[in-house]
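S.K.: There's a structure below that I have some questions on.
The values are calculated or read from the model by the stated rules, or taken from the named source; none is laboratory data. This structure is a prediction, so every number in the text was calculated from the model and none was measured. Backbone-built Cβ (ideal geometry, glycine too); neighbour counts: all protein chains shown. When the accessible area is computed, the model is the full protein with side chains, heavy atoms only, and any ligands, DNA or RNA have been set aside. Shrake-Rupley method; radii C 1.70, N 1.55, O 1.52, S 1.80 Å.
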Amino acid sequence: MSLRRLAPPEIQPASFAFSAENAEWAQATIAKYPQGRQASAVISLLWRGQEQEGWVSHPMIESIARMLNMPFIRVLEVATFYTMFNLEPVGTYLVQVCTTTPCWLRGSDDVVAACKKHIHPHEKTVSEDGKFSWMEVECLGACVNAPMLQIGSDFYEDLDGPTTERMIEDLRAGKEIKPGPQNYGRVSSEPEGGALSLTDPSLYDGSVIGQYHEQVPQPANTDAEAKAPTQAASDREAPIQKPPGAAT
Amino acid sequence: MALRKLIVDGKEIEAEETITLLQACEQAGAEIPRFCFHERLSVAGNCRMCLVEWVGAPKPQASCALQVKDIFPNKDGTPAKINTASPYALKARQGVMEFLLINHPLDCPICDQGGECDLQDQAMGYGRAAFHRFNENKRAVEDKYMGPLVATIMTRCIACTRCVRFATEVAGVPDLGATGRGEDVEITSYLEKAFASELSGNVVDLCPVGALTSKPYAFNARPWELKKTESVDVMDAQGVNIRVDTRGPQVMRVLPRLNEDVNEEWISDKARHACDGLMRQRLDRPYVRVNGKLKPATWNEAFAVIAAKVRETTPAKMAAIVGDLAAAEEIKALKDLMGALRVTNLDCRQDGAKIAGGPRQTYLFNSTIAGVEAADAILLVGTNPRWDAPVLNARIRKTWLAGGVKVANLGPAVELTYPALQLGTDIAMLEQIADGSHDFAKVLGDAKRPMIVLGSGALTRSDGAAILKLAAKIASDTGMIGPAGSHADGGWNGFNILHTAASRVAALDLGFLPGVSSDGSGGRDVAGIVDGAQKGEIDFIYLLGADEFDVAHLGRAFVVYQGSHGDAGAHHADVILPGAAYTEKDGLYVNFEGRVQRGRRATFPPGEAKEDWAILRALSEALGVKLPYDDRAALLKALETDVTHFATLNDAPVHADTSAATWGGIGEAGPLDTAPVTAAITDYYLTNPIARASETMAKCSQELVHGATKMAAE
């Protein structure tokens with residue numbers, strides 16, 4: 001993680017306003033909260049604002065603070081706390097590449113290299129045509145299809161370098177790409193080559209519904225046993241001072 | 001109040017359920033280290049330094065974030081055992097300290113907090129011995145701008161968020177916040193604007209490390225080389241308790257002193273930072289005007305010039321005005337001197353407030369400052385407490401936070417830091433409240449303990465007496481004059497005058513007001529004196545530190561100025577007698593509650609300047625009307641004989657007079673002026689000669705009042 005600051009003033013827009021539809025949605029969202037607790041809507045509104053503009057700008061923060069009757073600094077705190085809020089402009093397609101361990105082990109470096117080659121050498125920088133920007137993110141929870149990336153609200157999984165390059169070029173050319181696994185053959189997260197378990201057709205025709213009744217008997221744990229004192233917390237580790245200058 | 005038994009360090013105690021475990025442990029005599037916890041702020045629980053062992057609990061417990069009511073007894077019914085000094089608790093705290101010090105720079109030798117730093121002190125107790133096991137780079141944080149008073153060295157910040165909570169909760173100016181997360185948390189003001197509160201200096205006291213330090217005091221002194229003197233502030237009429245830290249002849253800084261009844265532990269920025277004005281523009285020797293130019297003179301020469309002038313004139317053509325910073329001693333001495341000369345043109349109301357003396361309760365803040373917390377409806381008339389008495393304003397905000405006191409403001413709309421019904425600037429609104437036709441009259445009537453606060457903005461108007469009359473009527477009609485006694489004993493008096501001059505109540509107590517001369521004609525007030533001087537009817541004026549009225553238009557009158565600073569009064573004086581500032585004399589001050597407090601001498605007056613009462617005593621001898629006291633003890637005795645309550649220090653008067661006659665006799669009925677109500681103070685940072693001489697206050701005024709007028713008037 002790194003310092004999160006507002007974008008420099010020269011690239012901040014002059015003003016921000018929700019679109020008519022979003023403004024209506026915002027009012028409905030604010031009304032969900034009890035009187036005096038309107039500030040609870042701050043994350044929802046910032047998120048909606050980001051969906052509209054792509055990133056969270058200084059005027060947006062002040063505009064939302066006024067809508068919720070919050071001090072500006074409180075909204076700034078929220079916007080800088082959550083890494084999901086982009087504080088700088090992004091491309092039409094924001095490519096979020098997972099580089100956490102499982103994806104990295106499965107080759108996310110190649111995906112990153114593809115982004116560097118086809119979008120911009122630096123992350124969080126908009127490509128020359130304005131259509132793309134990319135960033136590394138922490139685990140997006142699709143490790144079983146690693147490596148993966150997210151564009152908009154869709155996951156693109158089972159990637160490698162060439163696939164990623166092709167996807168970016170397709171998007172650039174205006175072609176649609178299909179979300180999900182990109183390695184042709186996999187539908188969701190089943191093993192490559194097809195399912196190995198839960199293959200019995202009777203599982204799917206309704207014939208076994210209600211048959212699993214019998215509980216395996218558990219050995220009873222007596223109350224005295226469960227509540228027996230264990231070693232006192234203070235006995236676990238005695239603090240031992242090392243002499244001054246001792247190796248760490 | 002429900003009590004719960006605990007065994008703290010083997011000692012069984014009963015603690016109230018509402019307090020935190022940290023406070024309970026302190027009641028049991030244990031010392032708990034802490035950084036983020038502060039009695040007057042909400043609990044954050046983020047520094048983890050206050051960890052204790054709750055025997056049986058799986059982990060050490062943060063005692064500040066644990067309420068006594070959450071500590072359940074052991075299964076066998078015996079009280080829960082808390083160990084604050086066991087090896088387990090100690091080890092936990094050592095771990096916390098190690099984490100804190102990972103990113104804290106080792107710059108104590110160049111840090112202003114050194115010597116009075118919580119982290120430094122607690123590292124002595126909980127730091128690991130002289131070894132460390134962190135060889136990586138330390139975090140560095142960019143310094144932030146927080147205005148002309150607070151210097152920041154943010155690398156030292158341990159993110160306790162005390163300053164953020166103070167700004168949000170006590171000051172009510174939510175300008176500070178913590179942005180980012182984890183290691184990257186940074187305390188900052190919004191877009192690095194100045195922290196626009198009159199109480200901003202208090203964050204420096206609250207900061208447990210050297211991240212926020214005082215900008216004017218930066219690199220000036222070490223705490224152990226300062227002499228500490230407990231005194232009372234005179235920048236406003238609240239009489240906040242201060243500690244004056246001096247080195248040699250110089251006041252290095254002013255800090256707050258704890259007094260629950262007056263200022264809790266806060267002081268305003270003016271009280272704290274105007275002290276550099278004590279070294280500038282000082283009058284350090286007598287001057288006499290010769291051929292239109294002020295020439296240095298000796299005391300005897302100056303006295304001789306005055307005596308000659310007094311011999312030439314008659315008592316009816318003489319006048320004396322007491323300034324805003326005078327202590328009771330010199331007011332008494334000046335009154336006795338003028339009395340001996342049979343002068344009746346006396347006044348202490350430089351601003352022209354229409355307060356006529358009379359029973360004490362008619363010009364005091366009767367609810368008392370602590371009593372504000374009991375109020376449930378407040379009507380402010382012609383006052384901006386945020387500027388008139390910032391610490392009182394924090395008390396009103398505290399009351400609002402605790403129970404939502406209803407506040408209405410009749411006067412210029414200002415951001416008071418709590419919601420207030422803005423009634424506009426038309427004083428006729430007061431009539432509507434008095435006859436019950438306004439909605440807020442009902443709020444006041446329904447309230448158990450309603451208050452009205454009259455400020456200088458109302459009392460200095462030409463119709464000030466009529467406003468007083470209406471206010472007294474509102475007070476009687478809405479039950480503000482409740483049973484006798486202090487609010488703690490069930491009594492209540494909601495009629496309040498909010499003075500802004502530190503000397504005012506003492507001067508009113510001593511009756512420094514236009515008297516009745518031997519021929520039966522009444523003495524002149526300040527406006528009358530100025531008018532008389534222009535017409536030539538007044539030709540001798542004695543100013544005791546009086547600079548806040550129309551000094552430039554005293555015609556050809558002979559002006560004697562006795563005071564500490566070369567301000568407006570001294571510029572127009574014919575004789576200047578150098579006096580002592582409030583830190584340079586022992587003196588009694590009476591705050592707007594009527595509480596008599598003692599200020600103590602921290603340094604000596606500069607050059608040939610003397611304590612003010614002594615100057616008057618010496619002058620009286622030169623004038624041939626020797627005052628009957630030779631030392632301060634005799635003067636105090638005379639003072640106590642004259643006004644008995646000067647013998648009782650530090651107590652606010654208890655409300656006793658509920659008679660209708662007292663309240664019916666206030667003010668004079670009359671037509672109201674149509675002019676809008678204005679603020680009495682136009683620039684909070686420059687209200688008296690000391691503040692005007694202060695460079696720090698000038699910077700504050702420039703940035704916070706003139707740089708952003710919107711902020712103050714918003």
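S.K.: Give, as residue ranges, the helices (runs of 4 or more DSSP H) completely inside segment B:314-413 that count at least 1 residues that are without any contact (Cβ under 8 Å) to a residue 60 or more places away in the chain and in contact with a strand residue (DSSP E or B) (Cβ under 7 Å, 6 or more places away or on another chain).
M.R.: Of the helices (runs of 4 or more DSSP H) lying wholly inside segment B:314-413, those with at least 1 residues that are without any contact (Cβ under 8 Å) to a residue 60 or more places away in the chain and in contact with a strand residue (DSSP E or B) (Cβ under 7 Å, 6 or more places away or on another chain) span B:390-403.
S.K.: Still on this structure: Which count do you get for residues in segment B:554-575 that are more than 20 Å from B:GLU330 (Cβ to Cβ) and open to solvent by less than 20 Å² (accessible area, probe 1.4 Å)?
M.R.: Final tally of qualifying residues: 2.
S.K.: Just for segment B:279-306: of the residues that are in a helix (DSSP H, G or I) and touching an Asp or Glu at 6+ places or on another chain (Cβ under 8 Å), which one is surrounded by the most Cβ atoms within 10 Å (Cβ to Cβ)?
M.R.: B:VAL305
The rows are residues; the columns are (1) of a type in the set (A, V, I, L, M); (2) surrounded by fewer than 19 Cβ atoms within 10 Å (Cβ to Cβ); (3) away from chain A (no Cβ under 14 Å); (4) not in a helix (DSSP H, G or I).
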{"site": "B:TYR217", "(1), (2), (3), (4)": "no, no, yes, yes"}
{"site": "B:SER231", "(1), (2), (3), (4)": "no, no, yes, yes"}
{"site": "B:ARG253", "(1), (2), (3), (4)": "no, no, yes, yes"}
{"site": "B:ILE267", "(1), (2), (3), (4)": "yes, no, yes, yes"}
{"site": "B:LYS270", "(1), (2), (3), (4)": "no, no, yes, no"}
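S.K.: When the residues of segment B:166-192 are narrowed to those that are buried (at least 21 other Cβ atoms within 10 Å of the Cβ) and part of a helix (DSSP H, G or I), which ends up nearest to the other protein chains (Cβ to nearest Cβ)?
M.R.: B:TYR190
S.K.: Answer yes if at least one residue in segment B:234-251 is part of a strand (DSSP E or B), free of Cβ contacts under 8 Å to residues at least 24 places away in the same chain and surrounded by fewer than 15 Cβ atoms within 10 Å (Cβ to Cβ), and no otherwise.
M.R.: The answer is no, given that none of the residues of segment B:234-251 is part of a strand (DSSP E or B), free of Cβ contacts under 8 Å to residues at least 24 places away in the same chain and surrounded by fewer than 15 Cβ atoms within 10 Å (Cβ to Cβ).
S.K.: Just name the residue that is modelled with the lowest pLDDT out of those in segment B:478-508 that are open to solvent by less than 20 Å² (accessible area, probe 1.4 Å) and in contact with a His (Cβ under 8 Å, 6 or more places away or on another chain).
M.R.: B:GLY485
S.K.: For segment A:72-142, which helices (runs of 4 or more DSSP H) that fit wholly inside it have 2 or more residues that are among the β-branched types (Val, Ile, Thr) and farther than 29 Å from A:GLU62 by Cβ?
M.R.: In segment A:72-142, the matching helices (runs of 4 or more DSSP H) lie at A:108-118.
S.K.: Checking the structure you have, find out if any residue of segment A:2-23 is in contact with a Lys or Arg (Cβ under 9 Å, 6 or more places away or on another chain), modelled with pLDDT under 95 and within 14 Å of chain B (Cβ to nearest Cβ).
M.R.: Yes, because at least one residue in segment A:2-23 is in contact with a Lys or Arg (Cβ under 9 Å, 6 or more places away or on another chain), modelled with pLDDT under 95 and within 14 Å of chain B (Cβ to nearest Cβ).
A quick yes/no check of all residues on (1) of a type outside the set (Gly, Ala, Ser); (2) touching a Leu at 6+ places or on another chain (Cβ under 6 Å):
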residue	(1), (2)
B:GLN432	yes, no
B:PRO450	yes, yes
B:ALA465	no, no
B:GLY494	no, no
B:LEU498	yes, no
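S.K.: Give B:GLY424, B:GLY403, B:GLY411, B:GLY436 a once-over and let me know the one that is surrounded by fewer than 18 Cβ atoms within 10 Å (Cβ to Cβ), touching a helix residue (DSSP H, G or I) at 6+ places or on another chain (Cβ under 8 Å) and either modelled with pLDDT under 95 or farther than 17 Å from B:ALA680 by Cβ (or both).
M.R.: Selected residue: B:GLY436, the only one of B:GLY424, B:GLY403, B:GLY411, B:GLY436 that is surrounded by fewer than 18 Cβ atoms within 10 Å (Cβ to Cβ), touching a helix residue (DSSP H, G or I) at 6+ places or on another chain (Cβ under 8 Å) and either modelled with pLDDT under 95 or farther than 17 Å from B:ALA680 by Cβ (or both).
S.K.: Let me ask something additional. I need the full set of residues from segment B:72-90 which are at the interface with chain A (Cβ under 10 Å from one of its Cβ atoms) and surrounded by fewer than 19 Cβ atoms within 10 Å (Cβ to Cβ), in order please.
M.R.: The answer is B:LYS75, B:SER86, B:PRO87, B:LEU90.
S.K.: Within the set of pairs 6 or more residues apart or between chains, which connect a residue that is on the phi < 0 side of the Ramachandran plot inside segment A:148-159 to a residue that is open to solvent by 50 Å² or more (accessible area, probe 1.4 Å) and not aliphatic (A, V, I, L, M) with Cβ atoms less than 7 Å apart?
M.R.: A:MET148/A:PHE155; A:ILE151/A:TYR93; A:ASP154/A:PRO179; A:PHE155/A:PRO179; A:TYR156/A:PRO179
S.K.: Given the conditions (1) more than 13 Å from every other protein chain (Cβ to nearest Cβ); (2) assigned to a loop (DSSP other than H, G, I, E, B); (3) open to solvent by less than 30 Å² (accessible area, probe 1.4 Å), report the number of the one that B:PHE195 does not fulfil.
M.R.: Exception for B:PHE195: condition (1).
S.K.: How about segment B:48-67: which of its residues are more than 14 Å from chain A (Cβ to nearest Cβ) and crowded, with 23+ Cβ neighbours inside 10 Å?
M.R.: Selection gives B:MET49, B:CYS50, B:ALA62, B:SER63, B:CYS64.
The rows are residues; the columns are (1) of a type in the set (A, V, I, L, M, F, W, C); (2) within 39 Å of the chain's Cα centre (by Cα).
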position	(1), (2)
B:ILE7	yes, no
B:GLU12	no, no
B:GLU39	no, yes
B:VAL43	yes, yes
B:LEU66	yes, yes
B:ASN83	no, no
B:LEU90	yes, no
B:GLU98	no, no
